[in-house]
Amino acid sequence: MFCPHCGKSNLSNAHFCTQCGNALALEDSLPMLDKVIEGIDSAPISLGRNHLMIPPGVAGWSWGAFIFGWFWAVCNKTWIGLLALVPGVGFIMHFVLGFKGREWAWQNDQWESVEHFQRVQRRWSQVALGLILFLILMTYGMIYFLGSTMDHPMPSNSVLKV
């Protein structure tokens with residue numbers, strides 16, 4: 001059973017959430033539709049979890065979602081992120097994923113805890129920032145190499161004739 005306040009998975013017979021301490025609804029008090037929706041994990045924004053409050057520390061900018069776009073979205077079960085593949089919308093969708101991606105990922109997947117979520121998203125951000133740094137260094141290296149060859153051009157065959 002998931003806590004309706006923080007989303008933490010709890011034992012089915014638990015009366016209170018082990019994460020936030022809020023009272024849990026008894027299994028018999030849930031309507032049949034909620035039970036069915038809880039089992040479906042493929043909606044763009046899971047209807048069974050989108051009413052959850054976003055815990056402190058979950059919301060915020062996501063470098064992983066911004067840089068990796070649709071790939072991040074698939075790995076985090078945030079299917080709306082596939083709009084990043086649509087020409088014209090894709091560029092904008094990367095920014096939307098950067099701003100809202102963490103919240104959507106929290107709502108669309110079952111995380112062990114907020115700390116687990118933070119670890120996973122922090123790793124995505126580290127890889128994304130590493131890729132940005134790598135591309136900046138590669139660009140600088142190429143500019144430096146091209147600039148140095150322009151100062152000292154390679155001799156051509158016409159110059160070597162004696």
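Each reported figure results from applying straightforward, stated rules to the coordinates on display, with no laboratory input. Predicted, not measured: the structure shown is a model, and the values here were computed from it. Reconstructed Cβ throughout: ideal geometry from the backbone, glycine too, with neighbour counts over all protein chains shown.
When residues in segment 101-124 are screened for being assigned to a helix (DSSP H, G or I), surrounded by fewer than 18 Cβ atoms within 10 Å (Cβ to Cβ) and not acidic (Asp, Glu), 6 of them pass. Looking at segment 78-96, is at least one residue of a type in the set (Ser, Thr, Tyr), part of a helix (DSSP H, G or I) and within 11 Å of the chain's Cα centre (by Cα)? Checking segment 78-96: not a single residue is of a type in the set (Ser, Thr, Tyr), part of a helix (DSSP H, G or I) and within 11 Å of the chain's Cα centre (by Cα). Annotation note: Cβ proximity below 7 Å between a residue of segment 106-122 that is farther than 18 Å from TRP63 by Cβ and a residue that is assigned to a helix (DSSP H, G or I) and not hydroxyl-bearing (Ser, Thr, Tyr) (sequence gap 6+ or interchain) occurs for TRP111/PHE117.
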